[in-house]
Amino acid sequence: MTITSVAEGEHGTIIITSFFGRRHVHIVRQSLDEVQAMRAQLRGLFPGKITLDLVEGDSID
């Protein structure tokens, strides 16, 4: 899975990923700055892993 973009959203940070040619959109609780800091730590490392807390559908109404 590759993170293709991140952006600040109304209900959390929006992360767009690509996995085997399919695009997925995730909303996570971490701030945009936190996500960018995690991504910066992974640069040049393979394989890399970060853990994010997804926002549940009920909490974005």
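The values are calculated or read from the model by the stated rules, or taken from the named source; none is laboratory data. Worth saying up front: this structure is predicted, and the values here are computed from it rather than measured. For neighbour counting, all protein chains shown are included, and Cβ atoms are generated from backbone atoms with ideal geometry for every residue, glycine included. Just so you know, the surface numbers come from the protein's heavy atoms only, side chains and all, with ligands and any DNA or RNA stripped out. Shrake-Rupley method; radii C 1.70, N 1.55, O 1.52, S 1.80 Å.
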### Query
Pairs under 6 Å by beta carbon, first residue more than 14 Å from Ile15 (Cα to Cα) in segment 34-61, partner at pLDDT 70 or above and in a helix (DSSP H, G or I), six or more apart or different chains?
Gly48/Leu42
### Message
Suppose we filter segment 24-43 for residues that are open to solvent by less than 90 Å² (accessible area, probe 1.4 Å), among the polar types (S, T, N, Q) and assigned to a helix (DSSP H, G or I); how many remain?
### Response
1
### Task
Kindly indicate the residue of segment 1-23 that is farther than 14 Å from Val55 by Cβ, open to solvent by 50 Å² or more (accessible area, probe 1.4 Å) and out of contact with any Ser or Thr (no Cβ under 8 Å at 6 or more places or on another chain) and also modelled with the highest pLDDT among those meeting that condition.
Arg22
